[in-house]
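Have a look at the structure below, then the notes.
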Amino acid sequence: MHIDPYIVLGSAIVGFLVGMTGAGGGALMTPMLILLFGVTPSAAISSDLVAAVVMRPVGAGVHLRKGTVNKRLVGWMVLGSVPMAFAGAYLLHVLGHTKAAQQKIEVILGVALLIGAAAMVLRYVLDRQTGARRQGEVHEIAVRPLPTIATGMIGGIVVGMTSVGSGSLMIVMLLFLYPMLGAKQLVGTDLTQAVPLTLAAALGALAFGHVEFGVTASLIIGSVPAVFIGSLLSSSAPDHYIRPAITFVIAASGLKYVGLSPTALGWTLCGILFAAAAVWLAYLRARQSAAAPEDPDVIPVAPPIEPVGID
């Protein structure tokens, strides 16, 4: 069994993003293995799934200790997602043309994630204008069982048919089903619900897939410490740092699933980062200009103090 130090380094970067956002594991880790390290697609998917069984519980454990997981929400989601993950795998087997079916579902998933990322940006802009704050704590959220089970079922069948979306798709649906849920609770709940869902998919990968244990071990060595650090940050960092990271990872996942080539995806993500930096700098400059006095040459003078007579 060979441990590849470059896979260890790459998985550490992806693991940190997963810990910070709860999303992007399948969308970033699997293409990295295929494109950068020449791992076959079937082995990359299967090895990534098995490694995620070790990686995701670490992040979930950090959030459970911090109290940023809505356990009732997780329970209702798992009730729908795990059975449908097995049903999705069986449905894919019945459909036959697995590659064509997977590609169609991934394109639909990519479009849904891009729409979700755009809606998250729009919601952030509107919240900044209205001053709305989305920082609902775990005990403040009223769980809606039927829509939550339906959310788990949709995510489960997609994961069962494509082995992707356990984090990115679920977090988008959670965001719109519970819009007042704070970012820390959003990431913690998403990471926790993904544990049994990923385990169900990994059992199928071990039974029917091709797992390269050297690749799996390299992924675990790199990703587990990184996801622990990322989860520590996401469980305590302010929302205005976590939500942009979630949006970026979901947008990257969506672009990958719609079929963007690796080169085009890289340049597109760089352009998004540069554009976001430019917008942020312009926003900071506008705030500084609004806070500055109208005439900087005029120095305000305190009014004279009148003497107080002593009777």
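So how exposed is Ser236, as accessible area in Å² (1.4 Å probe, rounded to 10)?
Result for Ser236: roughly 80 Å² accessible.
Please list Arg72, Arg285, Arg123 in order of solvent-accessible area, largest first, computed with a 1.4 Å probe with all protein chains present. Walk me through the numbers on the way to the answer.
Numbers: Arg72 140, Arg285 175, Arg123 55 Å².
The most accessible residue leads, giving Arg285, Arg72, Arg123.
Leaving ligands and nucleic acids out of the surface, order Arg243, Arg56, Arg287, Arg65 by accessible area at 1.4 Å, largest first. Let's see the in-between values first.
Numbers: Arg243 40, Arg56 10, Arg287 135, Arg65 220 Å².
Highest to lowest solvent-accessible surface, that is Arg65, Arg287, Arg243, Arg56.
What is the sum of charges around Val39, taking Lys and Arg as +1, Asp and Glu as -1, for the other residues whose C-beta is under 13 Å from the C-beta of Val39?
On the way: positive: none; negative: Asp4, Asp48, Glu212.
Result for the local shell: -3.
With each pseudo-label sitting 7 Å past Cα toward Cβ, what's the Ala142-Ile229 distance in nm, one decimal?
The modelled label-to-label distance comes out at 4.3 nm.
The values are calculated or read from the model by the stated rules, or taken from the named source; none is laboratory data. This one's a predicted model, so the numbers in the text were calculated from it and none came from an experiment. For neighbour counting, all protein chains shown are included, and Cβ atoms are generated from backbone atoms with ideal geometry for every residue, glycine included. Heads up: the accessible areas ignore ligands, DNA and RNA and are worked out on the full protein's heavy atoms, side chains in. Shrake-Rupley method; radii C 1.70, N 1.55, O 1.52, S 1.80 Å.
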